[in-house]
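Scroll down for the structure; my scribbles are underneath it.
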Amino acid sequence: MNTRVLVLLSLFIGIGAVLHAVMPPIFFGMRPDMLLAMMFLGIIMFPKVSYVLVLSTATGIVSALTTTAPGGQIANLIEKPVTGMIVFVLVLAMRNFKQERIKAAVLTAVGTIVSGSIFLGLILFVIGLMDAGFIAMFLTVVLPTALLNTVLMMVLHPVSLRIMRNSPSQTLRAS
């Protein structure tokens with residue numbers, strides 16, 4: 001693993017943690033997970049299994065530490081690595097798609113919806129309310145979060161690509 005890439009990924013996690021911590025809860029203590037957008041940015045820019053595993057595990061830990069959702073600690077530790085690997089497979093499947101900005105936006109929207117669905121399923125199972133609340137929580141938390149993360153990605157991805165292209169180090173160039 002490249003140390004410079006790991007440092008960059010840790011910066012993404014730090015930025016995401018701040019975004020995640022400052023977002024106010026909007027429904028039953030659940031807040032939009034802006035940390036996901038930063039995780040997806042790292043996966044899109046450095047699509048390698050080892051980086052995805054480290055990034056998604058660290059993101060899960062940070063998310064678990066900052067969550068306000070009841071049962072969210074366990075759910076984040078499980079959901080982030082699973083979501084990370086799903087998005088990684090989608091990144092590989094879309095490798096030949098040339099419109100980078102659109103690809104990043106679609107991956108972020110789909111990834112956030114997958115993440116939110118897994119997260120809600122897990123917390124409702126942990127709390128014991130599998131019958132109630134999934135659709136309401138999906139509509140009031142997951143879909144707005146997917147929109148926010150997609151807009152954030154449409155801003156961050158081009159900026160990140162420009163920084164990578166202008167980077168003097170070949171080791172930081174996006175794949």
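In the list I15, I43, which residue meets the criterion of being closer than 17 Å to E79 by Cα and assigned to a helix (DSSP H, G or I)? Give the derivation first.
Details: I15 fails: closer than 17 Å to E79 by Cα.
Residue meeting the stated conditions: I43.
Here is a list of conditions, (1) assigned to a helix (DSSP H, G or I); (2) under 14 Å from the mean Cα position of the chain (by Cα), and P32 meets all of them except one; can you say which number that is?
All conditions are met except number (1).
State which residue is surrounded by the most Cβ atoms within 10 Å (Cβ to Cβ) when the search covers only the range 143-152 and only residues that are in contact with a Ser or Thr (Cβ under 7 Å, 6 or more places away or on another chain) and closer than 20 Å to L124 by Cα.
The first filter runs over the range 143-152 and keeps only residues in contact with a Ser or Thr (Cβ under 7 Å, 6 or more places away or on another chain), leaving 145-146, 149-150.
Retained after the next criterion (residues that are closer than 20 Å to L124 by Cα): 145-146.
Working: T145: 24, A146: 21.
Going through the qualifying residues, I end up with T145.
Within the range 48-72, track down each residue that is more than 14 Å from F12 (Cα to Cα) and surrounded by 17 or more Cβ atoms within 10 Å (Cβ to Cβ).
A64, T66, T67, A69, G71, G72
Does T67 satisfy the condition of being in contact with a Gly (Cβ under 9 Å, 6 or more places away or on another chain), of a type outside the set (G, A, S), closer than 20 Å to A21 by Cβ and at pLDDT 95 or above? Give the derivation first.
Numbers: in contact with a Gly (Cβ under 9 Å, 6 or more places away or on another chain): yes; of a type outside the set (G, A, S): yes; closer than 20 Å to A21 by Cβ: yes; at pLDDT 95 or above: no.
Answer is no for this residue.
The values are calculated or read from the model by the stated rules, or taken from the named source; none is laboratory data. Since the structure is predicted, the reported quantities are computational estimates derived from the model, not experimental observations. So basically every Cβ, Gly included, is an ideal-geometry build from the backbone, and we count neighbours across all protein chains shown.
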